[in-house]
């Protein structure tokens, strides 16, 4: 069996285990079946099981006690950002309200700081990139229904570019790690009529504040931009797990 096949089977195996844990079928503290038992339960090789357990442990779903056992841990306390992506994938288009609000709070905290420092530290190249992004935004918003994927991608690029412009080495990594989650929320957000025009207005004003090196105003505009997005998403009960 080639490496690609093993990797593919490992990915499937990991998702199966994640589903059992996130759903609560395999609860915190539960000791998993042995590797030999797991190979029979999921009809995979020992190498797939071993690789899968290492990945699950690195994410924070399980704890491996060498040569003894593997148990489910509290992924909300022990998990990495990768857990969030797994939860989002498991929930599909529905998430619970607490998770939604938690993600929005985290985003607010990070992105306000990104905007603040970007105003103080951004380069001509950073501003040129933002201008390029917002010009594409104008084009896509002329026919938003046919450009929804481009609008979502461009929106993420805008926020990531702000993080890069902050010249903080960690902020761009944090924003990038949230890409899957943000994309899901953004898609729901842009399903509402005319939000694109409002977002463009905030984006335009934010770029002007960055060019003027006005850190307080940049932070304030970013906050208003994110609060607008939060208000739209919070009111949309369709995204919540009922």
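The values are calculated or read from the model by the stated rules, or taken from the named source; none is laboratory data. Bear in mind the structure is a predicted one, so any value in this text is a computation, not a measurement. Cβ placement follows ideal geometry from the backbone for every residue including glycine, while neighbour counts extend to all protein chains displayed.
Here are a few things to note about the model shown:
- Count of segment 55-99 residues, restricted to those that are at pLDDT 90 or above and in a strand (DSSP E or B), is 8.
- Condition met for residue 230 (modelled with pLDDT of 95 or more, assigned to a helix (DSSP H, G or I) and out of contact with any strand residue (DSSP E or B) (no Cβ under 6 Å at 6 or more places or on another chain)): no
- Qualifying residues in segment 147-189 (those that are in a loop (DSSP other than H, G, I, E, B) and buried (at least 20 other Cβ atoms within 10 Å of the Cβ)) - the one modelled with the lowest pLDDT: 178
- The one condition from (1) in a helix (DSSP H, G or I); (2) modelled with pLDDT of 95 or more that residue 213 does not meet is (1).
- Residue check for residue 53: within 19 Å of residue 155 (Cβ to Cβ) and surrounded by 13 or more Cβ atoms within 10 Å (Cβ to Cβ): no
- Test result for residue 115, under 20 Å from residue 171 (Cβ atoms) and surrounded by fewer than 17 Cβ atoms within 10 Å (Cβ to Cβ): no
- Put simply, of 146, 205, 131 the only residue that is touching a residue at least 60 places away in the same chain (Cβ under 8 Å) and over 16 Å from residue 232 (Cβ atoms) is 131.
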